[in-house]
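First comes the structure, then the notes that go with it.
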Amino acid sequence: MIITCSNCNTSYNISESAIKKSEVSARCTRCKNVFTIRKPVSNKPAEVAAPAAPEKIEIEGINSDDSNMNARIISVCNQKGGVAKTTTSLNLAVSLNLLKKRVLLIDFDIQSNLTLLMGYKDAKSFFEVIHSDDKGISSYIIKSKLNIWLLPSNSKMALLSKKHLQDVNFEYLLRDKLKSIAHYFDYIIIDTPPSGDFYTLNALLASNLAVIPTPCEYLSMQGVNHIVNMINVIRDKSAHEIDYRIPVTMFEPDNTASRVILKKLQEEYKDHVFSTMIEKDAKVQESQVFHTPTIYYDKESRAGRQYYNLAKEIISL
Ligand SMILES: Nc1ncnc2c1ncn2[C@@H]1O[C@H](COP(=O)(O)OP(=O)(O)O)[C@@H](O)[C@H]1O
Ligand SMILES: [Mg+2]
């Protein structure tokens with residue numbers, strides 16, 4: 001039988017006859033996570049065999065044999081709106097791609113801002129992934145002209161929480177769908193809405209890293225605090241391992257209040273604050289008018305270069 005590690009999604013093929021109880025624990029040889037498998041068999045943790053070959057599926061523009069990755073899954077979240085979540089998701093994705101990484105962006109925000117920024121409208125979303133019986137998630141992934149992939153959002157995404165909030169395990173909807181495609185990408189980046197509810201919880205439980213952008217202002221810092229508290233609850237209540245990092249966005253080095261709040265952030269969150277900061281830069285807004293990531297719009301732009309450096313910092317984590 002095939003079992004999958006609840007942390008890193010590595011699949012293993014184990015013999016059913018080796019399991020003697022209805023529930024046992026297994027330890028993933030790749031990430032060392034101990035997880036429960038049902039329909040198992042012995043008092044001891046089941047020995048896991050070599051990883052099973054990943055499932056081969058069709059994704060636009062990807063050779064199905066080219067599937068040896070183990071995606072790092074990143075949620076970009078902050079309970080506050082307007083802190084540069086969508087800007088960070090897109091610019092980080094293209095910067096990672098410039099650094100030779102294969103990246104999938106997931107627009108998990110009902111406002112579809114990321115989808116619109118990338119030039120798509122009325123495309124199928126995660127809502128259709130969940131509500132179509134015949135097609136898997138791979139059929140809905142678009143290869144964009146930026147050489148990154150996108151699972152778009154549309155207005156139906158708003159119905160997702162209404163339809164599924166009462167489901168048992170509603171918070172694992174996204175994680176479960178990503179299992180079949182994670183081995184095709186180096187990074188999967190999930191843009192989330194400004195809330196700490198259904199959508200953010202699904203994104204966090206599918207991710208290994210939360211990137212929590214914040215400008216240096218009071219209310220956005222409270223939004224950071226909310227996400228960090230959610231992460232602490234997730235760590236306490238489940239076996240899911242997730243770390244977090246905070247990029248300061250729209251930073252104004254000449255503004256005293258900005259510098260004071262930066263110091264506070266660094267004191268409170270220490271090494272969780274990225275050393276790369278994204279400055280306030282009019283080129284970001286200009287580039288968005290032209291549906292272009294900032295570094296492609298102007299490769300000398302401050303913010304464009306800073307996002308590129310942020311991508312390097314993420315790779316080095
Ligand atoms: N570094 C920056 N410099 C100037 N404006 C920025 C910067 N980053 C984001 N913005 C602007 O801030 C606004 C909010 O950004 P957005 O990414 O949509 O935030 P969120 O997704 O958190 O709501 C947008 O108008 C965007 O153009
Ligand atoms: Mg947004």
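Quick notes on this one:
- Residue count, the stretch 179-193 (criterion: farther than 30 Å from residue 297 by Cβ and either crowded, with 20+ Cβ neighbours inside 10 Å or within 16 Å of ligand 2 (Cβ to nearest atom) (or both)): 2
- Residue that is nearest to residue 293 (Cα to Cα) [pool: residues in the stretch 144-176 that are surrounded by fewer than 19 Cβ atoms within 10 Å (Cβ to Cβ) and basic (Lys, Arg)]: 145
- Selection within the stretch 91-116: residues that are in a helix (DSSP H, G or I) and in contact with a helix residue (DSSP H, G or I) (Cβ under 6 Å, 6 or more places away or on another chain). The member of this set that is nearest to ligand 2 (Cβ to nearest atom) is 113.
- The condition (being modelled with pLDDT under 75 and either within 16 Å of ligand 1 (Cβ to nearest atom) or not charged (D, E, K, R) (or both)) is satisfied by just one residue among 18, 93, 71, 26: 18.
- The single residue among 136, 196 that is at pLDDT below 95, assigned by TED's automatic domain parsing to the domain that holds residue 108, within 16 Å of ligand 2 (Cβ to nearest atom) and surrounded by fewer than 24 Cβ atoms within 10 Å (Cβ to Cβ) turns out to be 196.
- Residue selected from the stretch 247-278 under the condition more than 23 Å from the chain's Cα centre (by Cα) and outside any helix (DSSP H, G or I), by the criterion surrounded by the most Cβ atoms within 10 Å (Cβ to Cβ): 251
- Residue within the stretch 166-185 that is within 16 Å of ligand 1 (Cβ to nearest atom) and either in contact with a strand residue (DSSP E or B) (Cβ under 8 Å, 6 or more places away or on another chain) or not basic (Lys, Arg) (or both) present: no
- Candidates 104, 114, 98, filtered to the one that is within 16 Å of ligand 1 (Cβ to nearest atom) and at pLDDT 95 or above: 114
- Candidates 195, 138, 161 - the one that is in a loop (DSSP other than H, G, I, E, B) and either touching a Phe, Trp or Tyr at 6+ places or on another chain (Cβ under 8 Å) or among the small types (Gly, Ala, Ser) (or both): 195
- Residue that is surrounded by the fewest Cβ atoms within 10 Å (Cβ to Cβ) [pool: residues in the stretch 61-75 that are in a loop (DSSP other than H, G, I, E, B) and not acidic (Asp, Glu)]: 68
The values are calculated or read from the model by the stated rules, or taken from the named source; none is laboratory data. In this text the structure is predicted, and so the values were computed from the model without any measurement. Neighbour counts run over all protein chains shown; Cβ positions are idealised from the backbone, glycine included.
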